[in-house]
Amino acid sequence: QVQLVESGGGLVQSGGSLRLSCAASGTIFTINTMGWYRQAPGKQRELVATITLSGSTTHGDSVKGRFTISRDNAKNTVYLQMNSLKPEDTAVYYCRAEALYSDYWGQGTQVTVSS
């Protein structure tokens, strides 16, 4: 089992920045890819960014150039640096861990961007 705990969400003005953290515990040796997803009210959950154990990253088109995913394997933590935030970035952000036999999700952290 893997447990994921997100932190760092909050309220920020348009153009501001936030950094989300996701700390993993449990059978972390089974984890390869970790990522961030988000879900806004009335919308489907969408990919924000992913990062593999070796550090290869992908970012969704809507966040490219503004958000950066990173990973500290020694701390079992993945980060999402969010810059130039826009009101349309408002959503619940979820951390996901793709492990050997299963996927795990965190409880989510709310990010609200005011205009």
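The values are calculated or read from the model by the stated rules, or taken from the named source; none is laboratory data. Everything numeric in this text was worked out from a predicted model, so none of it was measured. Cβ sites come from the backbone with ideal geometry, for glycine too, and all protein chains shown count toward neighbours. Heads up: the accessible areas ignore ligands, DNA and RNA and are worked out on the full protein's heavy atoms, side chains in. Shrake-Rupley method; radii C 1.70, N 1.55, O 1.52, S 1.80 Å.
Give me the number: length gained by fully extending THR57 to THR27, i.e. 0.36 nm times residue separation minus the C-alpha to C-alpha distance, one decimal in nm.
8.6 nm
Tell me, how many Å apart are the Cα centres for region 8-38 and for region 63-115?
Taking the Cα centre of region 63-115 as reference, the centre of region 8-38 is 4 Å away.
Compare the peptides 92-98, 42-48 by average per-residue count of other Cβ atoms within 10 angstrom and give them in order, highest first.
92-98, 42-48
How would region 17-79 be classified by its alpha-carbon gyration tensor: rounded, prolate or oblate, with rounded meaning a/c under 1.5 and the a/b versus b/c comparison settling the rest?
Prolate, because a/c is 1.5 or more and a/b exceeds b/c.
On average, how much accessible surface per residue is there in region 43-115, in Å², for a 1.4 Å probe, leaving out ligands, DNA and RNA?
Per-residue value: 54 Å².
Using 0.36 nm per residue, how much length does the chain from LYS86 to GLU98 gain when fully extended, once their Cα-Cα distance is taken away?
Numbers: separation 12, 0.36 × 12 = 4.32 nm, distance 2.84 nm.
Working it through step by step, the gained length comes to 1.5 nm.
Taking the Cα centre of region 10-115 as origin, work out the dipole magnitude from +1 charges on Lys and Arg Cβ and -1 charges on Asp and Glu Cβ, in debye rounded to 20.
140 debye
Among the lysines, which have Cα under 20 Å from the Cα of LYS86 when same-chain residues fewer than 8 positions away are ignored?
Correct list for LYS86: LYS43, LYS64.
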